[in-house]
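Below is one structure, written out as structure tokens; comments come after it.
The values are calculated or read from the model by the stated rules, or taken from the named source; none is laboratory data. Since this is a predicted model, take the numbers as computed values, not measurements. Positions of Cβ are backbone-derived with ideal geometry, glycine not excepted, and every protein chain shown enters the neighbour counts. Ligands, DNA and RNA are excluded from the accessible area calculation, which covers all protein heavy atoms including side chains. Shrake-Rupley method; radii C 1.70, N 1.55, O 1.52, S 1.80 Å.
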Amino acid sequence: MSSNRTLAIIKPDAFAGSKAGLILAHLEKGGFKLIASRVMKLTHEQAGEFYAVHKGRPFYQELVEFMTSGYCMPMVLGRDNAVLALRDSIGATDPAEAAAGTVRKLYAESKGRNAIHASDSDENAFREARFFFAETDLIR
Ligand code: IDP
Ligand code: MG
């Protein structure tokens with residue numbers, strides 16, 4: 001996967017609140033193209049593995065519980081400079097600190113229940129895309 005792709009997840013708070021379409025429309029207006037998507041409920045094992053980098057942090061257990069609490073929507077998005085552009089578009093982790101017009105400012109409830117995940121590097125974008133999708137899902 002090249003550096004013009006990244007991995008996002010519409011998290012269970014936003015999906016349950018019927019914000020998935022609004023968030024995707026917001027991102028499409030920002031120039032992102034939908035490459036692949038699915039709707040699924042993560043198991044504890046999947047959520048724990050996906051967020052393994054945060055194991056041991058005080059919020060880890062809460063994060064795994066939250067991410068397994070309902071359906072979510074992983075998706076691969078394409079755009080120039082995709083990783084940085086998506087991090088800009090989603091805003092700060094805590095919606096109270098997120099810039100105006102960002103997804104988290106518009107749709108997130110709290111630092112924990114913050115509507116969307118986005119990869120933080122090209123390396124993680126590749127790994128996270130393959131966590132949810134087969135190589136054949138990503139062909140264009
Ligand atoms: P990011 O999603 O903006 O990259 P990270 O620091 O990678 O933020 O944290 C991963 C996720 O863990 C956050 O999106 C949020 O859902 C949760 N999280 C991070 N810090 C806290 C916290 O202090 N309290 C509760 N949840 C947190
Ligand atoms: Mg992160």
Summing +1 for each Lys or Arg and -1 for each Asp or Glu, what net charge is found among the other residues whose Cβ lies under 9 Å from the Cβ of ALA108?
+2
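Net charge near ARG130, counting Lys/Arg +1 and Asp/Glu -1 over other residues with Cβ under 12 Å of its Cβ?
-2
Using a 1.4 Å probe, what is the accessible area per residue for the chain, in Å²?
52
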Answer rounded, prolate or oblate for the chain, using the Cα gyration tensor with square roots of eigenvalues a ≥ b ≥ c: rounded when a/c is under 1.5, else prolate when a/b is larger than b/c, else oblate.
rounded
Ordering of 36-45, 114-123 by burial proxy (mean other Cβ atoms within 10 Å per residue, highest first)
114-123, 36-45
Please give every one of the aspartates and glutamates within straight-line cross-link reach of LYS29, meaning a C-alpha to C-alpha distance under 20 Å, and leave out same-chain neighbours fewer than 8 residues apart.
ASP80, ASP88
Could you tell me what percent of the accessible area of the chain is made up of carbon and sulfur, with a 1.4 Å probe and every protein chain present?
50
Rank TYR51, TYR107 by accessible area, highest first, at a 1.4 Å probe radius?
TYR107, TYR51
Once you treat every alpha carbon in segment 1-83 as an equal point and sum by Debye, what is log10 I(q)/I(0) at q = 0.17, 0.18, 0.27 Å⁻¹?
-0.75, -0.82, -1.20
Using a Cα-Cα cut-off of under 16 Å, which lysines could be cross-linked to LYS105, ignoring same-chain neighbours fewer than 8 residues away?
LYS11, LYS19
Dimensions (Å) - segment 95-140, Cα atoms, principal axes, largest first
38, 18, 16
